[in-house]
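The values are calculated or read from the model by the stated rules, or taken from the named source; none is laboratory data. None of these values were measured; they are calculated from a predicted model. Virtual Cβ from ideal backbone geometry, glycine too; neighbours counted across all protein chains shown. Heavy atoms of the whole protein, side chains included, go into the accessibility calculation; ligands, DNA and RNA do not. Shrake-Rupley method; radii C 1.70, N 1.55, O 1.52, S 1.80 Å.
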Amino acid sequence: MVQLLATDGTRTPHPELDAALAGDDGQDRLDSPERLRGYYRDMVMIRAADLEATSLQRQGQLGLWASALGQEAAQIGAGHAAREQDYLVPTYREHGVAWARGIEPWRLLEMFRGVSHGGWDPHELRTHPYMIVLGSQAPHAVGYAMGLQRDGVVGTGDLTTDTSVLALFGDGASSEGEVSESFTFAASFQAPVVFYTQNNQWAISVPTQVQSRVPLAQRSRGWGIPSVRVDGNDVLAVLGGIRIALDSARAGNGPVFVEALTYRMAAHTTSDDASRYRPAAEEEEWAAKDPILRLRRHLEQLGEIDEAFVTRCDEEAHDLAMQLHHHIHGMEDPDPIGMFDHAYAEPHPVVAAEKAEYLEYIAQFEDEEQDR
Ligand SMILES: Cc1ncc(C[n+]2csc(CCOP(=O)(O)OP(=O)(O)O)c2C)c(N)n1
């Protein structure tokens with residue numbers, strides 16, 4: 001397993017990843033103190049948003065919340081490893097990835113409230129809408145990547161236009177047939193796609209050992225897809241590992257599989273009680289490997305963080321949580337008729353007929369209202 005930051009924050013040299021973290025010619029290193037502080041702030045912000053979302057669900061303001069607690073490094077590292085033009089295909093738990101791509105957290109919460117049909121413009125933010133169907137990310141990503149090949153934006157040598165796709169899915173989803181089929185197509189066509197599994201150890205109540213008898217990273221090798229396992233609680237290992245994989249794919253070398261070993265610190269969702277199936281000792285063991293604490297220790301060792309910065313991050317995170325709280329509490333219910341407006345870009349006779357029928361249906365309640 002590739003690790004650059006030990007649990008106590010000590011950095012281990014790694015020639016290949018260190019070179020990847022050097023960044024592009026004429027630009028800052030991806031591990032410069034300023035950027036490290038940025039990743040720290042990102043992780044603190046997204047954790048605060050996550051905890052607030054859980055509270056909002058408990059207050060009846062969200063239908064459900066899938067927490068990414070503990071996976072902040074695996075997500076912030078991946079989000080920043082992608083270049084601007086890359087296309088990301090996320091699951092339903094990628095709040096850190098979304099943050100790194102510039103998606104405001106309230107857009108995620110609106111979806112979990114059930115009042116938004118997608119949340120953001122996937123073309124503008126180069127990030128696909130969340131998808132809850134396990135494994136569906138993989139064929140979407142491969143198809144998109146094959147399209148990029150046909151558009152001629154792979155392997156030209158221009159890092160600002162050559163494009164890769166990052167397909168995100170969980171350890172449980174990696175057992176889905178769709179992922180195997182996607183490996184086949186990606187390998188056959190040498191598509192510019194990186195498959196990325198955050199192995200958070202549990203697929204609801206099923207542990208990873210039951211999903212696979214070998215480390216997940218090995219699974220793609222039968223397809224001839226090279227793979228690497230990185231420490232998912234080490235933001236630099238994730239950042240470097242995925243940057244190398246995406247750059248290799250965009251250069252035309254075909255797909256890569258990256259497994260990040262991490263831990264889902266919370267329950268599967270707010271509908272789940274992890275204490276029913278997960279030993280408390282395991283949770284404690286992983287709490288000691290907290291990704292935010294690890295980066296903070298590293299910054300302390302470098303002498304590049306002080307109390308004032310930590311306090312400022314905490315205050316900003318608190319403000320973000322309060323903004324989310326007020327935004328969600330103050331939300332009006334959307335007009336239900338709006339759901340027909342976003343099915344197709346252009347008018348469609350079936351949707352038009354359904355809309356007319358629905359308008360007629362809700363009109364009867366308005367009549368009843370007037371009669372009363
Ligand atoms: C095709 C499909 N089967 C089953 C489900 C129900 N389901 C939702 S999440 C989940 C577990 C997923 O675990 P994993 O892929 O490890 O991702 P994690 O939730 O841990 O991030 C299941 C079985 C689903 N959403 N889609």
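Things to note:
- Selected residue (criterion: least open to solvent (accessible area, probe 1.4 Å)) from residues of region 246-292 that are in a strand (DSSP E or B) and among the β-branched types (Val, Ile, Thr): 258
- For region 150-169, the set of residues classified as within 13 Å of residue 251 (Cβ to Cβ), touching a helix residue (DSSP H, G or I) at 6+ places or on another chain (Cβ under 7 Å) and not charged (D, E, K, R) consists of 154, 155, 163, 164, listed by residue number.
- Residue selected from region 80-113 under the condition within 16 Å of the ligand (Cβ to nearest atom) and either in a loop (DSSP other than H, G, I, E, B) or small (Gly, Ala, Ser) (or both), by the criterion most open to solvent (accessible area, probe 1.4 Å): 92
- Just one residue in the set 171, 151, 121 is farther than 27 Å from residue 345 by Cα and either within 16 Å of the ligand (Cβ to nearest atom) or surrounded by fewer than 18 Cβ atoms within 10 Å (Cβ to Cβ) (or both); that residue is 171.
- Residue list for region 5-56, restricted to those being within 29 Å of residue 315 (Cβ to Cβ), out of contact with any Gly (no Cβ under 6 Å at 6 or more places or on another chain) and among the aliphatic types (A, V, I, L, M): 5, 36, 43, 44, 45, 48, 49, 51, 53, 56
- Among the candidates 172, 147, residue that is touching a strand residue (DSSP E or B) at 6+ places or on another chain (Cβ under 7 Å) and outside the structural domain of residue 342 (by TED's automatic domain parsing): 172
- The residue that is nearest to the ligand (Cβ to nearest atom), among those in region 207-234 that are within 21 Å of the chain's Cα centre (by Cα) and aliphatic (A, V, I, L, M), is 216.
- Condition check for residue 333: under 30 Å from residue 13 (Cβ atoms), exposed (fewer than 12 other Cβ atoms within 10 Å of the Cβ) and not small (Gly, Ala, Ser): no
- Any hit, region 343-364, residues being touching a residue at least 60 places away in the same chain (Cβ under 8 Å), surrounded by 10 or more Cβ atoms within 10 Å (Cβ to Cβ) and closer than 30 Å to residue 53 by Cα: no
- Residue 161 over 30 Å from residue 274 (Cα atoms), assigned by TED's automatic domain parsing to the domain that holds residue 70, touching an Asp or Glu at 6+ places or on another chain (Cβ under 7 Å) and open to solvent by 40 Å² or more (accessible area, probe 1.4 Å): no
- Single residue of region 132-145 satisfying the filter (open to solvent by less than 30 Å² (accessible area, probe 1.4 Å) and among the aliphatic types (A, V, I, L, M)) that is farthest from the ligand (Cβ to nearest atom): 145
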